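Everything on this sheet refers to the single structure shown next.
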């Protein structure tokens, strides 16, 4: 009987989780270009796979006495990554429910979010061995969030110049979900900055 469990590789689990987010954004990007239901279903499937990785991470977090970084930071980073993909999935659902097609503003916003996800993936991947490089990628995530904020406001401004109030309400929800996803990526970047600062003190 082993008195102590082998420690869990939380960096590996976080990397696996964020890789699913990158994969999900690639599928959402294809969905926004084609409106092919197959890509929408792919986003949903990837989100379910990512949820399973997060469930394992949380279970291991509850079972592990000593973690390589603060357990609160592990939990917060995992949650923020999860939220990004959740908002992508709800975007697909709302396109389907409202029977909408992606406009050019939506495509721009999805592109920004996909780039943010790629930068976030690199930030998490380098977090253990190359924290300075991880921080550089986290900064790029925050820059993409700034781009998203501008794209979101421009999209709303153009949308509200229309005359169809019902259509405006529906599209506003699409824009809002994409903007919220970028906000959560920004929060993940903030957690990464915090982790790097704390590790630099030890």
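Any read-out appearing in this document is the output of simple, stated calculations on the displayed coordinates, not a laboratory observation. The shown structure was predicted, so the numbers you read here are calculated from the model rather than taken from an experiment. Backbone-built Cβ (ideal geometry, glycine too); neighbour counts: all protein chains shown.
For the chain, the longest principal axis of the C-alpha atoms and the axis of helix 37-63 are separated by about 30°.
Computed from Cα atoms, the angle from the helix 165-200 axis to the main principal axis of the chain rounds to 20 degrees. In this simple spin-label approximation, residue 146 and residue 12 carry label points 7 Å from Cα along the Cα→Cβ vector, and these lie 3.8 nm apart. When the chain is treated as a GNM with alpha-carbon contacts under 10 Å, the residue of 120, 61, 28 showing the greatest mean-square fluctuation is 61.
Rounded to the nearest angstrom and listed largest first, the equivalent-ellipsoid semi-axes of the chain from its Cα gyration tensor are 34, 19, 12. Relative to the dominant Cα principal axis of the chain, helix 131-159 is inclined by about 20°. Between residue 136 and residue 45, the modelled labels are 3.6 nm apart [label points 7 Å from Cα along Cα→Cβ].
Stretching residue 36 away from residue 103 to a fully extended chain increases their span by 22.7 nm, per 0.36 nm per residue minus the current alpha-carbon distance.
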